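Only one structure is covered here, and it is reproduced in the block below.
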Amino acid sequence: MLALAVTVAIWAAFALSARALSASTLLPADAALLRFGVPVLVLAHALWRRRRRIAAVRPGAALKIVCGAGVPFFLAAMHGGSLTSAAFVGSIVPGMVPLFVSALMAARGRGLPRGAQVAGLALIAAGVAALVWRYVVPVDAAVLEGAGTLLVASGLWALYTVGLRDVDLDPVGSIGLLCLPSFAVIGLLVLTGVLPTGLAHAAGGDIALFLVVQGLGVGLCAGLLYAFAIRRLGAERSSVVGSLSPVAVVLLAIPVLGESPTAAVLVGVPLITAGVVLANRRPGPRTRTRGRTPSSVRPRPEVPADA
């Protein structure tokens, strides 16, 4: 839980940086190079020692992690943030993860959500609808495009969350599995001119800010802590981190970016937060019968939902 609490703070900084990127001298490819390159550089020796275990990961599981939190996710989150606001990034991306995780679990035959979980997922959907409704009539194509891109990013992150449970790697190995191919892909896209770069002419302050927030914060610290939490608490319980992240982003965006929360944000963010809390509630033990409880109805020990 402590690892998740620190991850909340780092993810809030990620949401703010996604919005701030459009006003900086860096381009999305530059931020991606820092995001995936710094962890590779810092952990180079440790990753070399784990090279055989990383190479032994099944291609399907590796693809979930590389797509779910790698270049596709990063570019989707950055693009969505440039078209919307920090509140949208901080609410939609982590807030929708429980809904997507539940859908992935159901598709894998792990059971359908029930009771409070269903109500929570409905509140999450209602909160996202509240955020974007004012941009539907009249239509604001840019914001709707941004919101749709953020939904794609959230779905990819859910794929990453579930994928972490499918690999037998420690948190450092999980970071290597994510960052090594992602850095190679983004480097290839830059070298071939598919993605433009302005890193050579960017302001030093912008480089330092994104190096700390994206490279060290999101890429290294959050990657280690979130992977650790996933292995200890499970995918569904770990997604409860989204219940606090939207609130932290909205509060921090006021002094940091000068964003004033709109009525849609004031309605949508609490709905998403409450929905994530409900979606991650665990079923309580069965009610004991009067007198001594027979073994046939004795409450069973709690089992993680994704075990």
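Taken together, the values in this text are just the output of simple stated rules run on the coordinates, not laboratory data. Please read these numbers as outputs of a predicted model, since none were measured by experiment. Backbone-built Cβ (ideal geometry, glycine too); neighbour counts: all protein chains shown.
Some values worked out for this structure:
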quantity	calculated
Cα centroid of the stretch 108-131 to Cα centroid of the stretch 69-99, whole Å	19
Cα-based Rg of the chain normalised by 2.2 N^0.38 Å, two decimals	1.04
Of Gly146, Gly193, Gly111, the one that fluctuates the most in a GNM where the chain has Cα springs shorter than 10 Å	Gly193
Descending semi-axes in whole angstrom, ellipsoid equivalent of the stretch 72-167, from the Cα gyration tensor	25, 17, 9
Helix-only CD estimate at 222 nm, as mean residue ellipticity for the chain, using -39500 (n - 2.57) per DSSP H run (n ≥ 4)	-21000 deg cm²/dmol
Simple spin-label estimate for Ala200 and Arg110 in nanometres, 7 Å along Cα-Cβ	4.6
Local net charge near Ala86, Cβ-Cβ under 10 Å (Lys/Arg +1, Asp/Glu -1)	0
Of Ile175, Ile207, Ile65, the one that fluctuates the most in a GNM where the chain has Cα springs shorter than 10 Å	Ile207
Nearest-ten-degree value, helix 245-257 long axis tilted from longest Cα axis of the chain	30
The chain: relative contact order in percent, alpha carbon pairs under 8 Å with at least 6 residues between	37
